[in-house]
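**Student:** Following this message is one structure expressed as structure tokens.
The values are calculated or read from the model by the stated rules, or taken from the named source; none is laboratory data. Small disclaimer: the values here were computed from a predicted structure and weren't measured. Here Cβ is always computed from backbone atoms with ideal geometry, including for glycine, and neighbour counts include all displayed protein chains. Calculation scope for accessible area: heavy atoms of the full protein, side chains included, ligands and nucleic acids excluded. Shrake-Rupley method; radii C 1.70, N 1.55, O 1.52, S 1.80 Å.
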Amino acid sequence: MLTSNKPAGRRWRPGFFLLLLAVLLAPALPAAGSAAAGGKKLRVTCEPAVPRQGEAVVVTVSGSERPPTGLFFLGRRYRLAPAGGVYKAVLAVPLAAAPGRRGVEIAWGERRETAAVLTVRAGNYDEEHLTLPPEMVSPKQKSHLRQIRRDRQLLRRVYGSSGSAVLFNRPFIMPLESRIITPFGRRRFLNGQPKSPHGGIDLRGRTGVPVKASAAGRVALAGSLYYSGNAVIIDHGLDIFSLYLHLSKISVRDGEQVRRGQVIGYVGSTGRVTGPHLHWGIKINGIFVDPLAFIKESRLLVPAAEN
Ligand SMILES: [Zn+2]
């Protein structure tokens, strides 16, 4: 838990009108499309079709004559996984994506066509101002800078290690049934400096409370990082990762297969924190998305019988 010295304020912004407009116009804008190259029966559906900044979108492709080789959205390539006669992919809308209509392209090798259009709406996330020890906000000590550099290289390898196979067959769950103390997407100012928005949610918890895996997967990282403290990152396939940070203790190993609900560690206060809590995040293809919204969206990725 980070201590706030100013109450978080929700501001009235013109973005609200854009959001309203997007919602009102949404039914008129098709989010499902059909591209000629994939065959006459090609159908691409996106849920939700009007995602917020920082939200994941589940895409289902059916009727493709050939297996599509990827989806392109906001300059990134996304993998597709075969799922009972259709193909599924999960796109991520960055928190920094500008609201408005954005095309989703489908590819078969070199051939790419627009398959659907999403209407990105503003997230209207609030902001908070925090005061922390200066070394935690802008580290200057050589050993800290060296660790931060090492962490960055390690994380690049970790997030590059996913594959096209979906490693879970049941929807995601909360890793800890507890109250949210810092929501997703909050814009943060640390010691007056703007920092990246909150990429997950902070859950209240006492040191030593067990933390469960949100879904089945492979442990991509179990180790200590400068900002995150003791961290577990699980790869769920399709470039979907869940993160569990600031743990007091880790109870899994790198490369281990974990089940949904398996205890992977215990709540703590390691890394850049002012008190014990669990930071829980979902990162998709390098982009943090709202974990609570993703619990719902993950239902669209598993066989109906498992929901
Ligand atoms: Zn956090």
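**Student:** Kindly list, by first and then second residue, each pair from a residue in the stretch 280-307 that is closer than 14 Å to Asn169 by Cα to a residue that is assigned to a helix (DSSP H, G or I) and basic (Lys, Arg), limited to pairs with Cβ atoms under 7 Å and residues at least 6 apart or on different chains.
**Tutor:** Asn307/Arg299
**Student:** Among the residues of the stretch 275-307, write down those that are of a type in the set (Phe, Trp, Tyr) and more than 12 Å from the ligand (Cβ to nearest atom). It would help to see each step written out before you state the result.
**Tutor:** First, pick out the residues of the stretch 275-307 that are of a type in the set (Phe, Trp, Tyr): 280, 288, 294.
Residue satisfying the conditions is Phe294 alone.
**Student:** Confirm whether Phe189 is open to solvent by 30 Å² or more (accessible area, probe 1.4 Å) and touching a His at 6+ places or on another chain (Cβ under 7 Å).
**Tutor:** Details: open to solvent by 30 Å² or more (accessible area, probe 1.4 Å): yes; touching a His at 6+ places or on another chain (Cβ under 7 Å): yes.
Yes: the conditions hold for Phe189.
**Student:** Here is a further query. Could you say which residue among Gly208, Gly217, Gly229 is surrounded by 21 or more Cβ atoms within 10 Å (Cβ to Cβ) and touching a strand residue (DSSP E or B) at 6+ places or on another chain (Cβ under 6 Å)?
**Tutor:** Gly217
**Student:** Here are some conditions: (1) at pLDDT 95 or above; (2) farther than 30 Å from Arg77 by Cβ; (3) surrounded by fewer than 16 Cβ atoms within 10 Å (Cβ to Cβ). Ile173 meets all but one. Which one does it not meet?
**Tutor:** (2)
**Student:** A follow-up question, please. Filtering the stretch 195-226 down to residues that are outside any strand (DSSP E or B) and hydrophobic (A, V, I, L, M, F, W, C), which residue is farthest from the ligand (Cβ to nearest atom)?
**Tutor:** Ala216
**Student:** Related question: Looking at this structure, is Asp235 surrounded by fewer than 16 Cβ atoms within 10 Å (Cβ to Cβ), charged (D, E, K, R), away from the ligand (no atom under 16 Å from the Cβ) and touching a residue at least 24 places away in the same chain (Cβ under 8 Å)?
**Tutor:** no
**Student:** Right, something else. Which members of the stretch 246-274 meet the condition of being within 13 Å of the ligand (Cβ to nearest atom), at negative phi and either surrounded by fewer than 21 Cβ atoms within 10 Å (Cβ to Cβ) or part of a loop (DSSP other than H, G, I, E, B) (or both)?
**Tutor:** Correct list: Val267, Ser269, Thr270, Arg272, Val273, Thr274.
**Student:** Determine which single condition Ala107 fails, assuming it passes every other condition in (1) out of contact with any Ser or Thr (no Cβ under 9 Å at 6 or more places or on another chain); (2) surrounded by 16 or more Cβ atoms within 10 Å (Cβ to Cβ).
**Tutor:** (1)
This table checks each residue for (1) more than 22 Å from Asn285 (Cα to Cα); (2) part of a helix (DSSP H, G or I).
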| residue | (1), (2) |
| --- | --- |
| Cys46 | no, no |
| Pro67 | no, no |
| Pro82 | no, no |
| Ala107 | no, no |
| His129 | yes, no |
| Leu132 | yes, no |
| Ile148 | no, yes |
| Arg152 | no, yes |
| Arg157 | no, yes |
